[in-house]
1. Take the residues in the stretch 37-46 that are surrounded by fewer than 16 Cβ atoms within 10 Å (Cβ to Cβ) and in a loop (DSSP other than H, G, I, E, B), then tell me which one is farthest from the ligand (Cβ to nearest atom).
2. Are there any pairs, at least 6 apart or on different chains, whose C-beta atoms fall under 9 Å, with the first in the stretch 89-101 and closer than 20 Å to HIS148 by Cβ and the second in a loop (DSSP other than H, G, I, E, B) and within 16 Å of the ligand (Cβ to nearest atom), and if so, which?
3. Do we have any residue at all in the stretch 47-56 that's part of a strand (DSSP E or B), buried (at least 18 other Cβ atoms within 10 Å of the Cβ) and more than 15 Å from the ligand (Cβ to nearest atom)?
4. Given the structure, is GLY174 out of contact with any strand residue (DSSP E or B) (no Cβ under 9 Å at 6 or more places or on another chain) and at positive phi?
5. Look through the stretch 99-119, keep the residues that are more than 10 Å from the ligand (Cβ to nearest atom) and among the charged types (D, E, K, R), and return whichever of them is nearest to ALA160 (Cα to Cα).
6. Considering only residues that are surrounded by 16 or more Cβ atoms within 10 Å (Cβ to Cβ) and away from the ligand (no atom under 16 Å from the Cβ), look in the stretch 7-36 and name the one that is farthest from ASP156 (Cα to Cα).
7. Scan the stretch 83-95 and give yes if some residue there is charged (D, E, K, R), under 30 Å from GLU169 (Cβ atoms), part of a strand (DSSP E or B) and more than 16 Å from the ligand (Cβ to nearest atom), otherwise no.
8. VAL74 - would you say it is modelled with pLDDT under 95 and aliphatic (A, V, I, L, M)?
Amino acid sequence: MAILEIVKLPNAVLRQKTRPVTKFDTGLQKLIDDMIETMREAPGVGLAAPQVGEPLNMAVIETLPETDDSGNEVEGSRDLYVIINPKIVWRSGEVVDGIEGCLSIPGYVGEVTRHESIRVRAQDRFGRKMKLDLEGWDARIFQHEIDHLNGELYIDKLTAPENFWTEEEYDRRGR
Ligand code: CO
């Protein structure tokens, strides 16, 4: 496995519409494994193929772990997903505002409105069809990553232009 270089704004590949994945071959498996390693090393909770310079319709996601009373990660509470050719087929009417960052826009965060729950149809790394029902932070991460596959970034949909901060400003604001 290898750590890949993460593409940063304003690289044009981030704005490209991605190609569907049609071949689930060994080259794809290697790219997926490298993307997982790159996401973990960053660290991040999601990484879309355009973010490593590949305009392909796929992303890897690893949800945040649950923690116990002493703040330790609950084993097995972190879920890893590889989503290929994903489509959001249902969105809840309920929406929620939350703070997002992006590995391609390092050092910044912004507030974005997302659907509280979604249903996603996608293929797994071997091309098998799957259906996922997601809510809360998991649903937010999926919406952010699927936006990447359409050339969209969270900064395109801020709740207001001023709701965008450096991480430093945001930390100060929180105190
Ligand atoms: Co991102």
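1. Ranking the candidates gives PRO43 first.
2. Matching pairs, first to second residue: GLY101/GLY44; GLY101/GLY107.
3. Yes: one or more hits.
4. no
5. GLU111
6. It comes out as PHE24.
7. No: zero hits.
8. It is true that VAL74 is modelled with pLDDT under 95 and aliphatic (A, V, I, L, M).
The values are calculated or read from the model by the stated rules, or taken from the named source; none is laboratory data. The structure displayed is predicted, hence computed values, not measured ones. Don't worry about glycine lacking a Cβ; one is built from the backbone with ideal geometry, like all the others, and counts go over all protein chains shown.
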